[in-house]
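Take a look at the structure set out below.
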């Protein structure tokens, strides 16, 4: 349940695996008021795998020509967007190269992302019901039931609760949360339309901190031309809605821009406050928490939404494997074991950055990050590792807090390293909806087929010439010999690394798959 970005992403991922979910969303439709705008590279990899990379890139704000990530100015009119601070250019954190085949060309506000996810979910067979408010949920011996405000009772095999920071499901199940809770000052997010090209000159930025004492706040790009969000400080949350009338919002925006006569259309104003919390557990019986229901991360670094989408991607393949009988129910226990530590890490990293934002925005601040315990942003987005029963001999310790390439080293539990194959495809593109064997010779193809037949499942297998001069550096990175192999899960996570071929590879694969899939 929950038809925001995380819930819709879960529906898309489930339909790819042959599951037809029902999405229940209490709002009457997709929210026009985006709460997040940044899509990270790992999320784009998920969307690429789902065939949606181009569609999402098409609706993103084009910042490929360059633009400031973050500015601080008295007013927008006083900003010089032609002189963004060194090291602040979009994508500068990836100056070492490109660890991912997927990248969005700029920011992509949630309502634009959702405009792609919703039809994709429906095209895949998902049913999406808006204006459907869940009142109660109950875990039963063979499934889950939810009761709507209308009294309608809906039965399901499993429930993904992606119902937000004030999750009804989490509350009904009595799952507690820990963490700092409310952070900073109360804020009102004002979505407005105004032509600011006179002040931007066609240049882009992600956000601009306004220091004008008459309108202190944060100006955020939505479309980079006429649609924007201004986060204005509010004295009290209780009277924010009454105080922030359309006229008061217009006055604040004009002061922030530095133009008393600026025509401004107020679309909506939402009171909110940054929060940080982590659910005590991410699952109970046949119910699983995802997104803000499981973790709420302060809005710095684009960690929150992206962590939630990763929850959905991790859970989708496991639910599908259990539902079709490929895996045992114990596989679902690895969802909490894998995603909760990542969410805890992400929350901790966001908290460190709140105290010193330059740790995030400045790629040259390595020593400063090390002293504060901060990971470089690419490491947070791509370098995390899983340690669970669904990984053979996991290696959870990160080799580097700065170099994401060092972290993507082929270790079990890490994401398969990206490498361009002859023809232009990425090694990540070899991974579909099944566990996959990537190997250096055809002996593994027969072994994979044999192991799959013995288990009564399907797995994919690919042979790539590991000794080829263009591939050999990648094989050295992942640490396998030309006759070795990798067993990769559907979420592109390396489940097992086989350094060199054993005498009976089919027997070994059968054993590994049995462990990974909790058979």
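A few points about this structure:
- Rounded to the nearest 500, the 222 nm mean residue ellipticity of the chain from helices alone is -9000 deg cm²/dmol, with -39,500 (n - 2.57) taken per DSSP H run of at least 4 residues.
- Based on C-alpha pairs under 8 angstrom that are at least 6 apart in sequence, segment 318-405 has a relative contact order of 26 percent.
- Between residue 131 and residue 445, the simple label model (points 7 Å from Cα in the Cβ direction) yields a spacing of 5.6 nm.
- Look at the alpha carbon pairs under 8 Å that are at least 6 residues apart: their mean separation over the length of segment 165-268 gives a relative contact order of 32 percent.
- Relative compactness, segment 250-317, computed as alpha-carbon Rg over 2.2 N^0.38 Å: 1.68
- Once C-alpha pairs closer than 8 Å and six or more residues apart are averaged by separation and normalised to the residue number of segment 180-230, the relative contact order reads 41 percent.
- For segment 100-248, diffusion coefficient by Stokes-Einstein and Kirkwood Rh (Cα), 20 °C, 1.002 mPa s, µm²/s: 109
- Ordered by the number of other Cβ atoms lying within 10 Å of each residue's own Cβ, fewest first, 405, 303 fall into the sequence 405, 303.
- For q = 0.15, 0.16, 0.27 Å⁻¹, Debye-computed log10 I/I(0) when each Cα of segment 372-454 counts as one equal scatterer: -0.70, -0.78, -1.30
- Semi-axis lengths, largest first, of the ellipsoid equivalent to segment 450-495 are 24, 12, 8 Å, with √(5λ) applied to each eigenvalue of the Cα gyration tensor.
- Note on segment 162-290: Cα-only Rg and Dmax are 18.1, 58 Å.
- Alpha-carbon centroids, segment 329-384 and segment 443-458: separation in whole Å: 38
- Residue 62 versus residue 515: modelled label distance in nm, points set 7 Å from Cα along the beta carbon direction: 5.0
- Fraction in percent of alpha-carbon pairs per bin - 10 Å, segment 402-519: 14, 50, 30, 5, 0
- With bins 10 Å wide beginning at 0, the percent of Cα pairs of segment 254-387 falling in each bin runs 11, 33, 26, 19, 9, 3, 0.
- Efficiency of FRET between residue 33 and residue 78 - r from beta-carbon atoms, R0 35 angstrom, step 0.05: 0.80
- Rg over Rh [alpha-carbon atoms, Kirkwood Rh] for segment 321-461: 1.05
- Note on segment 94-174: percent of Cα-Cα distances in each 10 Å bin, starting at 0 and stopping at the bin with the largest distance, equals 13, 33, 29, 16, 9, 1.
- Residues of segment 442-459 with amide N under 13 Å of the 7 Å Cα→Cβ point at residue 481: none
- Degrees separating the helix 443-455 axis from the principal Cα axis of the chain, which is the longest one: 90
- The stretch between residue 268 and residue 400 holds 43.2 nm of extra length on full extension. This uses 0.36 nm per residue minus the Cα-Cα distance.
Throughout, read-outs are computed from the coordinates displayed, never taken from laboratory work. All values reported here derive from a predicted model rather than from experimental measurement. All Cβ positions, glycine included, derive from the backbone under ideal geometry; neighbour counts span all protein chains shown.
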